[in-house]
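Notes for the one structure printed next.
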Amino acid sequence: MRRYLIAGNWKMNKTIKEACELVNKLVAELKDIKEIDIAIFPPFTALSETYKIIKETNISLGAQNMWYEPKGAYTGETSPAFIVDVGCKYVIVGHSERRKYFQEKDELINRKVKSAIEWNLIPIVCVGETLEQREKGETNKVIEYEINELDGIDFSKIVLAYEPIWAIGTGKTATPETAEETHKFIRDLIQKKYSPEIASNLCILYGGSAKPDNIEALIRKPDIDGALVGGASLEANSFIEMIKKARSV
Ligand code: PEP
């Protein structure tokens, strides 16, 4: 049985003090919510302090990225071992901003996902098409390619996030119908490639300008299991409202 997951990707925002202020507000308002899963992804510098606040609560911690090796000469990188050590349960892999600004390619993403699973982290793996690809009618082709590149990965151990790149941080949300079409395409593909069981248990999040006024309509769709939320997770009231609305669906 799939559970809804609402995950807040803070990206490169919030000092430690700001992060703790936000987390304290979230804990105060959300501590009794048991029906859905909640996760936050603060920047690396704030993981340790925010974990101290959420440790005994229903809010889980995640990292926004990781390297695939556990240690070594990788200046500036963060190991899966460190992420586990600091209290993370999740890690985002293959976000379109990493693909775009840091030239992350599918082969690297594959390695990171495998490594995350080895470290018992739950990778949230992002896939999605550009506006140009959508306008050319290539959405399904792009998604299928990205999923095929996740070769050798146990799909019962990951969360997928469908994030149309044209909807990320733009205020343009895919309509629930458009998003559902792609979510269903993904689930059908996983069923064909793996098994009906893996497909029906796979949590597929929607990401791209999800906010309080569209979350309900999105997650009412049968194949949308929650949201990866960027901008709207940076402000306590909007993230809290999204979670309360998701709980009531
Ligand atoms: C994201 O960064 O994953 C995202 C979906 O951002 P936003 O909600 O701001 O579009």
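The values are calculated or read from the model by the stated rules, or taken from the named source; none is laboratory data. Because the structure is a prediction, the values reported are computed rather than measured. Here Cβ is always computed from backbone atoms with ideal geometry, including for glycine, and neighbour counts include all displayed protein chains. Please note that ligands, DNA and RNA were not included when accessible areas were found on the heavy atoms of the full protein model with its side chains. Shrake-Rupley method; radii C 1.70, N 1.55, O 1.52, S 1.80 Å.
The criterion of at least 3 residues that are within 30 Å of Val142 (Cβ to Cβ), out of contact with any Cys (no Cβ under 7 Å at 6 or more places or on another chain) and open to solvent by less than 80 Å² (accessible area, probe 1.4 Å) is met by the following helices (runs of 4 or more DSSP H) wholly inside the range 1-112: 96-101.
Summed over the range 23-42, the residues that are within 16 Å of the ligand (Cβ to nearest atom) and within 23 Å of Ser248 (Cα to Cα) give a count of 3. Scanning the range 174-207 for residues that are within 16 Å of the ligand (Cβ to nearest atom) and more than 15 Å from the chain's Cα centre (by Cα), we see that the one that is surrounded by the fewest Cβ atoms within 10 Å (Cβ to Cβ) is Thr175.
Scanning the range 113-143 for residues that are basic (Lys, Arg) and assigned to a helix (DSSP H, G or I) gives Lys114, Arg134, Lys141. Among the residues making up the range 196-223, a single one is of a type in the set (Val, Ile, Thr) and in contact with a Leu (Cβ under 6 Å, 6 or more places away or on another chain): Ile204.
Listed here are the residues, each with its yes/no results for (1) among the aliphatic types (A, V, I, L, M); (2) in a helix (DSSP H, G or I); (3) modelled with pLDDT under 95.
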residue	(1), (2), (3)
Ile153	yes, no, no
Leu160	yes, no, no
Gly171	no, no, yes
Ser200	no, yes, no
Ile204	yes, no, no
Pro222	no, no, no
Ser238	no, yes, no
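For the range 220-249, the tally of residues that are over 27 Å from Ile198 (Cα atoms), surrounded by 23 or more Cβ atoms within 10 Å (Cβ to Cβ) and either in contact with a Pro (Cβ under 8 Å, 6 or more places away or on another chain) or charged (D, E, K, R) (or both) stands at 1. Whenever a residue of the range 133-158 is of a type in the set (A, V, I, L, M), it has no partner that is open to solvent by 70 Å² or more (accessible area, probe 1.4 Å) and outside any helix (DSSP H, G or I) lying with C-beta atoms less than 6 angstrom away and at least six residues away or across chains.
The test for being open to solvent by 10 Å² or more (accessible area, probe 1.4 Å), more than 14 Å from Ile6 (Cβ to Cβ), out of contact with any strand residue (DSSP E or B) (no Cβ under 7 Å at 6 or more places or on another chain) and not basic (Lys, Arg) holds for Gly171. Residues of the range 93-111 that are of a type outside the set (A, V, I, L, M, F, W, C) and within 16 Å of the ligand (Cβ to nearest atom): Gly94, His95, Ser96, Glu97, Arg98, Arg99, Lys100, Tyr101, Glu104.
Among the residues of the range 208-220, the ones that are assigned to a loop (DSSP other than H, G, I, E, B) and within 18 Å of the chain's Cα centre (by Cα) come to 6 in all.
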